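Below is one structure, written out as structure tokens; the observations come after it.
The values are calculated or read from the model by the stated rules, or taken from the named source; none is laboratory data. Quick caveat: nothing in here was measured; it's all calculated off a predicted structure. Glycine gets a Cβ as well: all are built from the backbone with ideal geometry, and neighbour counts include every protein chain shown. Surface accessibility is based on the protein's heavy atoms, side chains included, excluding ligands, DNA and RNA. Shrake-Rupley method; radii C 1.70, N 1.55, O 1.52, S 1.80 Å.
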Amino acid sequence: MYTGEFGTCGQGQGCSKDLKQKASGTSFAIGWEGEKIAFDVGTTPQGFAVKNWTGGISYKNKIGPVGYRPTVSRRPLSNSLLSFAGARDPRTGKVWGGVVATGVALSLSWDEGKENGVWADLSADKLTGKNVKSNKRIRLMGGYYRRLINQLNEVLSVGVNLMQWHYQRGLGDYHFGQ
């Protein structure tokens, strides 16, 4: 009997069935990217325990040498089967997971196509899913890179990146509801 921390298995009662889960399916999406505007709309794969619509729209432009891109989007979290596809609790049969991040972002860049470049991204998202607590995420990321090789069909760059992510709640476990 499995008594680990997955779903409700570790909450005083163990589980003996449906311990191995997998997901497969086909997703549908359409998008377009122009010189300044890009958009897409689609779904997470049909066949997943939790299905979501996804998409986003962004606008890119420059002020002098600084590029900027504001974005509004709804994207799936794909870091685990539970967060991406959803899962079925082995003990109760209830489905949970399938988390999406809905929010806004602002990306900035300074790159004149020469040796050096700098980028930054600030985003704020609300994280929601089926039978999970809602959460909020703020990300601040940035970096510097230097092109060692900068030819027409060949680029080699090295750099350093910094990231600070903050969540309202620590909901990274595999308990039912997280």
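Counting other Cβ atoms within 10 Å of each Cβ, which chymotrypsin sites (Phe, Trp or Tyr not before Pro) in the range 1-107 have at most 11 and sit in a DSSP loop?
Phe28
Choose one answer from Gly12, Gly129, Gly55: the residue with the largest mean-square fluctuation in a GNM of the chain with alpha-carbon springs under 10 Å.
Result: Gly12 has the largest fluctuation of those listed.
Under 21 Å between C-alpha atoms is the cut-off here; go through the chain and count lysine pairs that meet it, provided they're at least eight residues apart or on different chains.
For the chain, the number of qualifying lysine pairs is 19.
Could you give the C-alpha radius of gyration of the chain expressed as a fraction of 2.2 N^0.38 Å, taking N as the number of residues it contains?
1.29
What number, in percent, do you get for the relative contact order of the chain if the mean sequence gap of Cα pairs under 8 Å and at least 6 apart is divided by its residue count?
With pairs under 8 Å counted, the relative contact order is 16 percent.
Leaving out ligands and nucleic acids, and using a 1.4 Å probe, what accessible area per residue does the range 61-118 come to in Å²?
Solvent-accessible surface per residue comes out at 51 Å².
Within the chain, what whole-number % of the accessible surface is contributed by carbon and sulfur, with the 1.4 Å probe and all protein chains included in the calculation?
Details: 6420 of 11410 Å².
Accessible surface attributable to carbon and sulfur in the chain totals 56 percent.
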